[in-house]
Amino acid sequence: ETTPYDVAIIGDYNIGGDAWASRILLEEMGLRVVAQWSGDGTLVEMENTPFVKLNLVHCYRSMNYIARHMEEKHQIPWMEYNFFGPTMIEKSLREIASHFDDTIKANAEKVIAKYRPLMDAVIARYKPRLQGKKAMLYVGGLRPRHVIGAYEDLGMDVVGTGYESGHNDDYQRTTHYL
């Protein structure tokens with residue numbers, strides 16, 4: 001059975017446990033994650049995806065085609081989200097919540113308030129040593145674009161980034177973050 005709060009996480013391979021952390025935050029907001037593509041998702045979860053209310057795209061490169069197809073065929077909206085670093089987590093939680101009712105919006109603020117002290121403690125510990133340092137990122141997948149904000153939250157200046165297997169639009173989608 002479906003609910004008005006069903007979502008799918010699309011394009012999270014869960015290599016570093018990202019999907020588990022994403023699911024925790026989304027479920028604490030009151031959303032129900034009924035599918036995860038592909039990581040440790042199941043065939044049944046994939047079969048449930050055409051009934052969700054929102055597809056949440058974690059890796060744009062791997063799954064934007066699927067998300068667009070489901071939007072056209074099943075009228076399921078989708079958005080890319082970023083759960084790397086406090087600033088982007090808060091921004092993404094609010095944007096996700098904006099697709100739902102006031103209950104979910106209020107719950108998003110509660111989740112942000114719950115984890116803010118933990119994130120502030122990490123920033124307070126490391127920012128004094130990292131403030132003003134410069135970083136160049138060269139990593140795979142979505143990481144170059146998504147982790148820039150996390151470095152900035154720590155006071156660092158990201159001066160450049162590169163992709164192991166990026167396409168032109170990856171660089172276009174990254175430039176405004178630098």
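Taking the C-alpha atoms only, the angle from helix 18-28 to the longest principal axis of the chain is near 60 degrees. Spin-label model, Val159 to His74: label points 7 Å out along the Cα-to-beta-carbon direction sit 4.6 nm apart.
Suppose the chain between Arg129 and Glu152 were pulled fully straight at 0.36 nm per residue; how much longer would it get relative to their current alpha carbon spacing?
Using 0.36 nm per residue and subtracting the Cα-Cα distance, I get 7.0 nm.
Number of Lys-Lys pairs in region 90-148 with C-alpha atoms under 25 Å apart and a separation of 8 or more places or on different chains: 8. In a reduced charge model with +1 at each Lys and Arg Cβ and -1 at each Asp and Glu Cβ, the chain shows a dipole moment near 720 debye about its Cα centre. Protection proxy ranking for 76-85, 49-58, 16-25, using the average of other Cβ atoms within 10 Å per residue and placing the highest first: 49-58, 76-85, 16-25. What the phi angles of region 85-102 give under the Karplus curve with 6.51, -1.76 and 1.60, with θ = phi - 60°, is a coupling list of x, x, 4, 6, 4, 4, 4, 5, 4, 5, 5, 4, 4, 5, 8, 10, 7, 5 Hz, glycine and proline written as x. In the chain, the alpha-carbon atoms span a convex hull of 114 Å³ per residue.
How about region 1-30: which GluC sites (Glu not before Pro) there are in a DSSP loop, with at most 11 other Cβ atoms within 10 Å of their Cβ?
Glu1
Taking the 1.4 Å solvent-accessible surface of the chain as the whole, the part contributed by carbon and sulfur is 57%.
Let's test the formula: R0 of 25 Å, r as the Cβ-Cβ distance of Asp120 and Ser98. What FRET efficiency results, to the nearest 0.05?
0.55
The values are calculated or read from the model by the stated rules, or taken from the named source; none is laboratory data. As the structure is a computational prediction, the values presented were derived from the model and not from experiment. Glycine also receives a Cβ, built like all others from the backbone with ideal geometry; neighbour counts cover every protein chain displayed. Accessible surface is based on the protein model in full, side chains and every heavy atom, while ligands, DNA and RNA are left aside. Shrake-Rupley method; radii C 1.70, N 1.55, O 1.52, S 1.80 Å.
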